[in-house]
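Asker: Quick one: the structure is below, and I'll ask about it shortly.
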Amino acid sequence: MFPTMPDHPARTKSQPQRVVDGVSERIHSGALKPGDRVPSEPGLMQEFNVSRTVVREAMSRLQASGLVETRQGVGTFVLASAAPEPLLAIGARDLQVRQKLAMLELRISLESEAASLAAVRRREEHLVAMRAALDAFDAQRRTGGSTTEPDFQFHVQIAAATGNEYFEEVLTSLGNATIPRAAPDAAASRDSKPAARFGEAQPMLESGKAITQREHEAIYEAIRRGDAAAARAAMFMHLSNSRERMRANTESGASH
């Protein structure tokens, strides 16, 4: 049995991370340019309502990411030559297939454990949020719309239900680059057609979105029941299958 994390609002960021995100956003948006001085410790303490220790930890994280440098007795400055954009920040369209497959491999390990923890730590509001994401996914699937965002939100809500902010932080950093964006096809169009009459053979092929919906439901039910082992297994199966579907689609596309 996993230990229960202390109660706190879902999806709450740590104090240092709030400062990191605030300063990083200004750097990426151009509000703080290379060579500019980052606001002083007292200024950041007042702006984010945090202690000096929190600000110093945030500056250490920003230095480690290559965004700023601290000059003793002078201040902290945005680096003139920004570090290369990390893989986790690359847009989905700019990722190569091998990178997406590698990211799915990472997610298999990360999210299988997240689902296990979510099963023993989730609260009612987490289940409500997961259910809403699943319903949105199904609605989009049935009308032929994009399921990318509700798919991603379902996984984010599981990460939030762990009570460990870093699961959600890493998943959010990865973004929805590995969420399938399959174009409508013959199999998918069958989702919205009436079910076959009794005695008729069912179509051999089932759309990827319908399969994903079933896999999501299995994960949700295990988490709802509080079954950590089943939740871990269901997530492992879902993401492993997603990886194989992506690999198969890639090989199929290359052969045409």
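The values are calculated or read from the model by the stated rules, or taken from the named source; none is laboratory data. Predicted model, so just to flag it, every value in this text is computed and none were measured. Please note: Cβ atoms are built from the backbone with ideal geometry, for glycine as well, and neighbour counts cover all protein chains shown. Please note that ligands, DNA and RNA were not included when accessible areas were found on the heavy atoms of the full protein model with its side chains. Shrake-Rupley method; radii C 1.70, N 1.55, O 1.52, S 1.80 Å.
Asker: Can you tell me how many residues within segment 218-256 are open to solvent by 50 Å² or more (accessible area, probe 1.4 Å), under 21 Å from residue 133 (Cα atoms) and at pLDDT 95 or above?
Answerer: Number of matching residues: 8.
Asker: Looking at segment 145-156, is at least one residue at pLDDT below 95, open to solvent by less than 60 Å² (accessible area, probe 1.4 Å) and over 15 Å from the mean Cα position of the chain (by Cα)?
Answerer: yes
Asker: Same structure again: Every residue in segment 117-144 that is surrounded by fewer than 17 Cβ atoms within 10 Å (Cβ to Cβ) and part of a loop (DSSP other than H, G, I, E, B), please.
Answerer: Hits for segment 117-144 are 123, 144.
Asker: From 184, 180, 194, which residue is surrounded by 14 or more Cβ atoms within 10 Å (Cβ to Cβ) and either at pLDDT below 90 or not in a helix (DSSP H, G or I) (or both)?
Answerer: On the way: 184 fails: surrounded by 14 or more Cβ atoms within 10 Å (Cβ to Cβ); 194 fails: surrounded by 14 or more Cβ atoms within 10 Å (Cβ to Cβ).
Residue meeting the stated conditions: 180.
Asker: Restricting to helices (runs of 4 or more DSSP H) lying wholly in segment 1-116: which have 2 or more residues that are at pLDDT below 85?
Answerer: Those helices (runs of 4 or more DSSP H) span 15-29.
Asker: Filter segment 28-58 for residues that are in contact (Cβ under 8 Å) with a residue 40 or more places away in the chain and open to solvent by less than 30 Å² (accessible area, probe 1.4 Å) and give the result.
Answerer: Scanning segment 28-58 gives 32, 38, 58.
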